[in-house]
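Asker: Supplied in C-alpha cells, the structure appears directly below.
The values are calculated or read from the model by the stated rules, or taken from the named source; none is laboratory data. Computed from a predicted model, the values in this text were never measured in an experiment. Positions of Cβ are generated from backbone atoms using ideal geometry, with glycine treated the same way; all protein chains shown enter the neighbour counts. Please note that ligands, DNA and RNA were not included when accessible areas were found on the heavy atoms of the full protein model with its side chains. Shrake-Rupley method; radii C 1.70, N 1.55, O 1.52, S 1.80 Å.
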Amino acid sequence: MALRSAISSARRPAVTVVLGFAVVVVIGTVLLTLPIASARGQPTDLVRALFTATSAVCITGLAVVDTAQHWSLFGEIVILALVQAGGLGIMTLASLLGLLVSRRLGLRMRLSAQRETKSAGLGDVRTVVLGVVVLSLTFEFVVATILVTRLFTGYDHSFGEALHSGVFHAVSSFNNAGFALFDDGLTAFVSDPWICLTIAFSVIAGGLGFPVFLELGRRLRGKQAWSVHTKLTVGTTLLLLVAGFAFITISEWSNEDTLGAHAPPTKLLAGFFTAVMPRSGGLHALDIDAMNSESLLVQSALMLIGGGSASTAGGIKVTTFAILAFVILAEIRGEPSVHVMGRKLAASTQRQALTIALLTVALVIGATAALLSMTDFALEAVMFESISAVATVGLSTGITPDLPPAAHVLMSVLMFIGRLGPITLASALALRDRPRRFELAEVRPIVG
C-alpha cells in the first residue's frame, strides 16, 4: 500500500519536478566532490559541494568558495552545465505546468484563460521545449559574442581566456545564476558599458519568461495584442527597474565606498546595473557590504519580488506583486471586485498570489531566525542573505563563506525551496479545485 501511494504521488507533476531537480543536485554534488573538480586536485567536502551544486541548479549564485580559485576547469564546466540545466528546466517546467493547469480547467475556464493569455500556441509540448531551448541558446550566443569580443580586444585576455569567461558569464547572466569567474565579481568592469549593459540586459531578458517572448514575437508579426500577463510582467518590470535605479543611485551617490568614488557617467551605469541585479541576477559591480542600509533594504524588497513567471528569475514574481497591488487598490476604493486592465481578476488568482507572498515572507522570517541562532552576524546581513537564498538571487554582503556547515545546509534547503516552491505551489493550488456543495453563514471579524 505504501509503495502504491508513493508511486501515485510521484506521478503528480509537482512531486515529479521536485524529484527531478533533486536528482540533478545529487549528481552535481558527486561530480564536484571529485578531486578533478578542484584546482588543487583534492576532494571538496560534501557540504561545500552540495551548496555549490544546489546554488547552480537553482540558478542562485551564492558561493562558499571562490569560483575562479577553488574550482578547476572541469569544476567550472560542471557548474556551468548545472546552471544551464537549471535554467532550461525552470523555464520549460514552469511553462509546461502552466499548460497542464489550463488543460485541467473546465471548458469555459479554458476558453477564458486562452483569451486572457493568448496561450493557444503553448498547446504543443514539443513547441514549448524547443522554444525555450532556442530562446535560451540564441540569447546566450549573442551575449557571449559581445563579451568575448570586448574581453579580447579591450582587456589583457587571450582569445581562449576571453572565450572561457565570455561564455561562462553569458550563460550565468541569462539564467540569472549569479556565478562569476573574477575574485571581486564584476567590479573591475564597473565603468565599461559594453560589459555592464550587455550582462544587465541579459539578466532582464532571462527574467521576463518564455510566454512573454512568445507573445512579443507574435506582436511584432502583428498577429495578436498583448495579454494581461505580458502587460503586467513588462509594465511592472519597467516600473521596478526605474524605481530601483533612481533610489539606489541617489542613495549611494555620495558613498565613497560605492558610487562616490566614480565619475557621474559611471555612477549612472553602476546604479542601473545594481538595480537590475536584485531581479535575480546576483552579479555585482559594487561592494554590497559597503552600501547604505536603505540601499540594502530596497534591494531586499526587489529580490523578494523577483522577475517574471516561467523565467529564470526567482522571488514571488512580478505578476504576483502586481496582482496584490491591484487587490489593495480595489480594497482602498471600496470596489466589490478586482479589475486589471479591463478584466475582472479571478478570486482564485487573488488567493494564490496572497498565499505565495505570505508563505515566502514566513519562510524568510523563519530562515533569518534560524541563521541568527547559528551565527553572530548582524540582523541586517543575515536577513539580506536569507532573502537572497529564498529568492534565489545570489547577492551577498560577504558572510556566506563564513557561515558554519549547518547554516550552509540550511541555505541549500532554502535555495531549493525558493526555486521550486513558487512554481510547484502555484500549480498545486491551481489544480486543487474543489467546489463546495454548500456555503456556511458569512462572518465579519474586526480587522485592523
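Asker: Could you calculate the contour length gain from SER191 to ASP289, that is, 0.36 nm times the residue separation minus the distance between their Cα atoms, to one decimal place in nm? Write down the numbers at each step before the final one.
Answerer: Details: separation 98, 0.36 × 98 = 35.28 nm, distance 1.96 nm.
Fully extending the segment from SER191 to ASP289 adds 33.3 nm.
Asker: Please work out the average accessible area per residue across the range 146-248, using the 1.4 Å probe convention, and give it in Å². Don't skip to the answer; put the middle values down first.
Answerer: Details: 4230 Å² over 103 residues.
Per-residue value: 41 Å².
Asker: Sorting PHE179, PHE416, PHE321 by accessible area (1.4 Å probe), largest first, what list results? Show your work: numbers first, answer last.
Answerer: On the way: PHE179 5, PHE416 45, PHE321 75 Å².
Sorted by accessible area, descending: PHE321, PHE416, PHE179.
Asker: Please give me, ordered by residue number, the GluC sites (Glu not before Pro) of the range 197-265 that lie in loop per DSSP and have at most 12 other Cβ atoms within 10 Å.
Answerer: Values: sites: GLU215, GLU252, GLU256; in loops: GLU256.
Those that pass, being in a loop and sparsely packed, are GLU256.
Asker: Now, a different point. Report MET341's accessible area, 1.4 Å probe, all protein chains in place, as a number in Å² to the nearest 10.
Answerer: Around 90 Å² of this residue is reachable by solvent.
Asker: At a Förster radius of 45 Å, what calculated FRET efficiency corresponds to the Cβ-Cβ distance of ILE328 and ASP183, to the nearest 0.05?
Answerer: Numbers: r = 44 Å, r/R0 = 0.98.
Efficiency, from the Cβ-Cβ distance: 0.55.
Asker: Can I ask one more? Determine the relative contact order of the range 227-311: mean sequence separation of Cα pairs under 8 Å and six or more apart, normalised by residue count, in whole percent.
Answerer: On the way: 82 pairs, mean separation 26.8, N = 85.
Relative contact order for the range 227-311 comes out at 32 percent.
Asker: Quick query: amide H of GLY314 versus all other amide H atoms, modeled in the peptide plane; which residues come in under 5 Å with a sequence gap of 5 or more or a different chain?
Answerer: GLY307
Asker: Considering all projection directions equally, how large on average is the shadow of the alpha-carbon convex hull of the range 239-319, in square nanometres?
Answerer: On the way: hull surface 19.3 nm².
Value for the range 239-319: 4.8 nm².
Asker: Taking a probe of 1.4 angstrom, what is the accessible area of TRP226 in Å², to the nearest 10?
Answerer: 90
Asker: What number comes out for the charge environment of PHE245, summing +1 per Lys or Arg and -1 per Asp or Glu over other residues with Cβ under 15 Å away?
Answerer: Working: positive: LYS267, ARG279; negative: GLU252, GLU294.
Local net charge: 0.
Asker: If you don't mind, another one. Search the structure for amide H atoms under 5 Å from the amide H of HIS339, placed 1.01 Å from N in the peptide plane, and list their residues when 5 or more places away or on another chain.
Answerer: LEU345
Asker: Tell me the accessible surface of ILE146 in square angstrom (1.4 angstrom probe, heavy atoms of protein chains only), to the nearest ten.
Answerer: My reading of the accessible area for ILE146 is about 60 Å².
Asker: Within the range 230-373, what whole-number % of the accessible surface is contributed by carbon and sulfur, with the 1.4 Å probe and all protein chains included in the calculation? Intermediate values should be presented prior to the final figure.
Answerer: Working: 4110 of 6140 Å².
For the range 230-373, the apolar C and S fraction of the accessible surface comes to 67 percent.
Asker: Ordering ILE365, ILE417 by accessible area with a probe of 1.4 Å, largest first, what comes out?
Answerer: Solvent-accessible surface, decreasing: ILE365, ILE417.
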